[in-house]
1. Taking θ as phi - 60°, what are the ³J(HN,Hα) couplings along the stretch 199-205 by the Karplus curve (6.51, -1.76, 1.60), each to the nearest whole Hz, with x for Gly and Pro?
2. Tally Lys and Arg at +1 and Asp and Glu at -1 over the other residues with C-beta under 11 Å from the C-beta of Val216: what net charge comes out?
3. Using amide H atoms built 1.01 Å from N in the peptide plane, name the residues 5+ places from Tyr223, or on other chains, whose amide H lies under 5 Å from its own.
4. Grab the eigenvalues of the alpha-carbon gyration tensor for the stretch 133-175, scale each by 5, take roots, and send me the semi-axes largest first in whole angstrom.
5. Going down the list Lys192/Lys236; Lys111/Lys296; Lys194/Lys225; Lys124/Lys194, which pairs span over 20 Å between their C-alpha atoms?
6. Amide H of Ala96 versus every other amide H placed in the peptide plane: which residues, excluding those fewer than 5 positions away on the same chain, fall under 5 Å?
7. Taking each pair of different alpha-carbon atoms in the stretch 64-307 once, compute 1/r for the pair, average those values, and report the inverse of that mean as the Kirkwood hydrodynamic radius in Å to one decimal.
8. Whose amide H sits under 5 Å from the amide H of Asn215, counting only residues 5 or more places off or on another chain, with H placed in the peptide plane?
Amino acid sequence: MAKLRTNHSQNDNGMVYKAGVFAFILGILYWGFSYIGEGDSPVVDTIRETIEQVNPTGEKVDGKTDLSYALPTSTTGQIVEHSYYTLSYSEEHEQAEWVAYELTVDRLNNKRADRTDNFRPDPKVKTKSATPSDYRRSGYTRGHLVPAGDMGFNERAMSETFYMSNMSPQLRNQNMGIWRELEEQVRDWGRKYKHLYIVTGPVLTEKELDRIGRNVVTVPRNYFKVILDITDPEYKGIGFVIPNAISDDHLTEYAMTIDEVEDITGIDFFPELLSDELETELEGFVDVRRWKFSEKRFQQRVRQWNKQ
């Protein structure tokens with residue numbers, strides 16, 4: 001399948017073009033059905049490429065983001081789609097097993113919304129999500145999985161990061177320390193590399209640290225984050241597994257391949273986005289020298305943030 005989606009805006013005249021392309025796609029589908037059951041067909045690639053020409057940014061008509069082509073596998077079967085991120089909810093652990101979204105330089109440079117701090121249950125979770133009261137007097141913070149700082153480009157995007165489905169119990173010194181450093185570092189990479197695919201979540205395959213609240217929310221021992229850059233001229237991927245604890249170690253100490261994070265979590269992160277060849281190359285190899293880390297921010301975390 002095509003590897004890149006380049007951002008552009010559509011004008012009003014594009015509606016006529018899209019209608020024509022839609023009719024073309026239907027024609028291809030009608031012709032292509034005769035190949036079903038006969039193995040791989042070039043019809044599939046042709047359809048994908050045509051759809052990407054119509055909608056290369058993944059933006060839906062109402063302005064929301066279509067991430068269906070970049071989602072990980074779900075072990076729970078409960079996929080919840082919000083405007084600019086998608087999650088897989090674990091009722092057993094009362095939090096997302098992963099959240100997935102795109103981070104672009106345009107969104108990062110277009111800050112229009114401030115933090116709302118409107119923590120609330122997620123109405124889209126069919127089994128009902130955790131609530132803010134589950135965290136009260138627990139000793140743990142409501143830790144964002146999709147950072148509010150990544151979603152400041154409009155009010156809806158910002159507000160939806162405060163759904164409790166996007167929260168996980170984090171120790172304060174971890175949330176405000178190494179986790180904050182990683183989030184800010186990823187934003188630096190988003191500005192530098194223009195367009196990143198990000199998946200974040202708790203590691204739920206390990207014995208938990210604790211359980212909190214009336215809804216019995218799992219407190220994970222570790223959290224993961226995987227970042228994929230498939231924008232020219234250099235394709236690369238990197239993963240992290242970060243302890244739910246205070247840390248004076250450099251972020252590079254927790255860096256690993258995406259394959260290693262998959263082994264730890266049991267999640268396949270980009271099964272549809274990457275070709276088999278790219279998946280092997282990008283998920284099975286990491287070179288931290290290709291990802292610039294802020295030494296100044298690391299020192300600030302050790303000297304200040306870890307002690308707050």
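1. 10, 9, x, x, 7, 9, 8
2. Details: positive: Arg211, Arg214; negative: Glu91, Glu92, Glu94, Asp134, Glu208, Asp210.
Local charge sum for Val216: -4.
3. It is Val203, Ile242, Asn244, by chain and number.
4. On the way: eigenvalues 91, 25, 8 Å².
The equivalent ellipsoid of the stretch 133-175 has semi-axes of 21, 11, 7 Å.
5. Values: Lys192/Lys236 13 Å; Lys111/Lys296 24 Å; Lys194/Lys225 18 Å; Lys124/Lys194 31 Å.
Result: Lys111/Lys296; Lys124/Lys194 exceed 20 Å.
6. Close amide H contacts, sequence-distant or interchain: Ser90, Met167.
7. 18.0 Å
8. Long-range HN contacts for Asn215: none found.
Laboratory data are not the source of any read-out in this text; all were calculated from the coordinates shown. Owing to the predicted nature of the structure, the values given are computational and were not obtained by experimental measurement. All Cβ positions, even for glycine, are placed from backbone atoms using ideal geometry, and neighbour counts span all protein chains on display.
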